[in-house]
Amino acid sequence: MAIITLTTDLGSKDFYQAALKGSILSVLPTANIVDVTHEVPSFNISYAAFVLKNVYPYFPKNTVHLIGIDSVFSEHTKYVALKYKDHFFVGADNGIFSLLFEEKPDEIVELNIMQDLKYLHFPLVDIFVKAATTLARGGKLKEVGIPTSEIEERTLLHPVIERDIIRGSVIYIDTFCNVITNITKDLFTKIQRNRDFTLYFRKSETISQLSWHYNEVPEGEKLCLFGISNHLEIAINKGKASGLLGLHLNDIIRVEFHP
């Protein structure tokens, strides 16, 4: 089965998303199109990378992941297709792949598909679709591009460690308004060493216990836990943590471990 996932910042209000899907089906009518999300904040590649990083491992091998973030034509940005852990990815080489992958991709090609000038400002429905459908049919990377070994590098804002303190930041807020930070479970456990802790945010707000699930505290109470992404989350049981606690993207949080 030819599976093509879509991760874009096109939203659902305009015609762009439907045009993209129509273009795919015109070339490959049997394609199984799966929407990861079209609600990525405009041009926010770190947001898109976090979403897709937590999604693609659940898909079958040889799934093609089409990424439409900051993909408008630019003479300084090339378009690429990559193979990583038996999955294919197609998108603009704007730094997103260095945020998405833990290791170097198995193969990289720079797309050399002829651009239809009619779609110069919307390469998603032209070059990206042609590459994605070729790969979804079982085609090889060399059929859509020229081998290369380099991709644009970007770095995320990493937590800062100061002896018994981890300073992190908010990197994602989900539909339920749960607040996800850049502190991973591995990092937290490494610094914690079985000690008690206090999580500080928004000046006077604190949490001093990890929960296993959202319902572990009474409704309306705040909690923190490691969710499916293995990142530290701040949530409210059946409440909207981001709004009620006043937490937003890039806000700073602090975890202090006690002797």
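The values are calculated or read from the model by the stated rules, or taken from the named source; none is laboratory data. Source: prediction; values computed, not measured. Heads up, the Cβs are rebuilt from the backbone with ideal geometry, glycines too, and the neighbour counts pull from every protein chain shown. All accessible areas refer to the heavy atoms of the entire protein, side chains included, with ligands and DNA or RNA removed. Shrake-Rupley method; radii C 1.70, N 1.55, O 1.52, S 1.80 Å.
Listing for the model above:
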| read-out | value |
| --- | --- |
| Neighbours by Cβ (under 9 Å, 6+ apart or cross-chain): first from the range 2-30, over 18 Å from LEU52 (Cα atoms) and open to solvent by 80 Å² or more (accessible area, probe 1.4 Å); second hydroxyl-bearing (Ser, Thr, Tyr) and at pLDDT 95 or above | TYR16/THR8 |
| Condition met for ASP106 (within 18 Å of SER23 (Cα to Cα) and among the acidic types (Asp, Glu)) | no |
| Condition met for LYS61 (among the charged types (D, E, K, R), closer than 16 Å to THR5 by Cβ and buried (at least 17 other Cβ atoms within 10 Å of the Cβ)) | no |
| Residue match in the range 35-56 (condition: over 15 Å from GLU152 (Cβ atoms), over 15 Å from the mean Cα position of the chain (by Cα) and not acidic (Asp, Glu)) | no |
| Subset of the range 224-234 that is assigned to a loop (DSSP other than H, G, I, E, B) and in contact with a strand residue (DSSP E or B) (Cβ under 9 Å, 6 or more places away or on another chain) - its residue that is most open to solvent (accessible area, probe 1.4 Å) | ASN230 |
| Number of positions in the range 212-223 that are outside any loop (DSSP other than H, G, I, E, B) and open to solvent by 90 Å² or more (accessible area, probe 1.4 Å) | 1 |
| Pairs where the first residue, in the range 191-203, is in the same structural domain as ALA235 (by the TED database) and the second is assigned to a loop (DSSP other than H, G, I, E, B) and open to solvent by 20 Å² or more (accessible area, probe 1.4 Å), C-beta under 6 Å, 6+ apart | ARG195/HIS258; ASP196/HIS258; THR198/SER208 |
| From GLY139, GLY91, GLY95, residue being touching a Lys or Arg at 6+ places or on another chain (Cβ under 8 Å) and small (Gly, Ala, Ser) | GLY95 |
| Top-ranked residue in the range 31-50 [being of a type in the set (Ser, Thr, Tyr) and in contact (Cβ under 8 Å) with a residue 40 or more places away in the chain; ranked as most open to solvent (accessible area, probe 1.4 Å)] | SER46 |
| Subset tally (residues that are open to solvent by 50 Å² or more (accessible area, probe 1.4 Å) and more than 24 Å from TYR47 (Cα to Cα)) for the range 121-137 | 2 |
| Given (1) at positive phi; (2) buried (at least 17 other Cβ atoms within 10 Å of the Cβ), number of the condition VAL90 does not satisfy | (1) |
| Filter pass, TYR84 being open to solvent by less than 40 Å² (accessible area, probe 1.4 Å), hydroxyl-bearing (Ser, Thr, Tyr), free of Cβ contacts under 8 Å to residues at least 24 places away in the same chain and in the same structural domain as PRO57 (by the TED database) | yes |
| Filtered residues of the range 107-158 (kept if farther than 18 Å from VAL27 by Cα, within 25 Å of the chain's Cα centre (by Cα) and of a type in the set (A, V, I, L, M)) | ILE108, VAL109, ILE151, LEU156, LEU157 |
